[in-house]
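Have a look at the structure below before the remarks.
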Amino acid sequence: MSYRIQPVDFSHGLYGRLRQQAGNDWQDYVAHPFIQQLALGTLPERAFRRYLTQDYLFLIHFARAYALLVSKLRTLPEMRAATASLNAIVAELPLHLAYCESWGMSEAQMMSEAEAAETMNYTRYVLDIGHSGDALDLLVALLPCVAGYAEIGLRLLHDPGTLLEGSPYASWIRNYGDADYLNGVRAALDLLESVARQRGAESRFSELSEIFVTATRLESAFWQMGLNAATPT
């Protein structure tokens, strides 16, 4: 089956500049061995299960971060945009649970798991940026996850080397190239541009870049956490 999905311009505006500035750190994230193995269908199931469990715990804190973002915005249209993202994350949790159940994992099991250090490092970093900075700082910390997953999903869907037929990971890949998800990503990128104009992004680019790169590195560490679960200690 071929996919003709409306592309997202990841090179545009402040996000595009931050992504370019991240350089090799960005490529390490979007082309991580976890992703490469997932695309080929060779990722060990143990690694994916570990990722799914920690991603569920991650999403809970990600929702908290978006709730914090709503409180830091000044205009009703911006608040509506951030609230839509928050609602999408909250709505995603039951879908995530249903997907995990297809892997034989219940909500009780996942909730009983301790947060991995990588999960804690990433989510608490984003929340700390949100509490100590303004709405622009927080958006920059959130976007490597929001838009990065869209970039990964689209890359995999358009790569003829990606195994979809018969792959246990096909539905995960398709999810991040889904039209609804991509519409949410576009809305998040538009919100970033709006807030950037108001909050003097140009004069703060160096500091914003540091936040973006740190979040990107924490994303790579999250993939690696999954891979590590498949490696005997």
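Observations on the structure shown:
- Of all residue pairs spaced 6 or more apart or on separate chains, those with beta-carbon atoms under 6 Å, a first member in region 9-29 that is over 15 Å from Ile152 (Cα atoms) and a second member that is open to solvent by less than 10 Å² (accessible area, probe 1.4 Å) and of a type in the set (Val, Ile, Thr) are Ala22/Thr216.
- Taking the numbered list (1) in contact (Cβ under 8 Å) with a residue 24 or more places away in the chain; (2) under 19 Å from the mean Cα position of the chain (by Cα); (3) open to solvent by 40 Å² or more (accessible area, probe 1.4 Å) in turn, Gln109 passes all entries but (2).
- For region 166-183, a residue qualifies if it is open to solvent by less than 30 Å² (accessible area, probe 1.4 Å), modelled with pLDDT of 90 or more and out of contact with any Leu (no Cβ under 7 Å at 6 or more places or on another chain), and the qualifying residues are Ser167, Trp172, Leu182.
- One residue stands out among those in region 118-132 that are touching a residue at least 24 places away in the same chain (Cβ under 8 Å) and surrounded by fewer than 19 Cβ atoms within 10 Å (Cβ to Cβ): the one that is farthest from Val70 (Cα to Cα), which is Asn121.
- Qualifying residue in region 52-62 (condition: under 18 Å from Leu189 (Cα atoms) and either in a helix (DSSP H, G or I) or open to solvent by 60 Å² or more (accessible area, probe 1.4 Å) (or both)): yes
- Cross-chain or 6+ apart pairs with Cβ under 6 Å, region 141-163 first and over 16 Å from Arg186 (Cβ atoms) and open to solvent by 10 Å² or more (accessible area, probe 1.4 Å), then of a type outside the set (Val, Ile, Thr) and assigned to a loop (DSSP other than H, G, I, E, B): Leu157/Tyr3; Leu157/Gly177; Leu163/Gly41
The values are calculated or read from the model by the stated rules, or taken from the named source; none is laboratory data. Bear in mind the structure is a predicted one, so any value in this text is a computation, not a measurement. Neighbour counts run over all protein chains shown; Cβ positions are idealised from the backbone, glycine included. Surface accessibility is based on the protein's heavy atoms, side chains included, excluding ligands, DNA and RNA. Shrake-Rupley method; radii C 1.70, N 1.55, O 1.52, S 1.80 Å.
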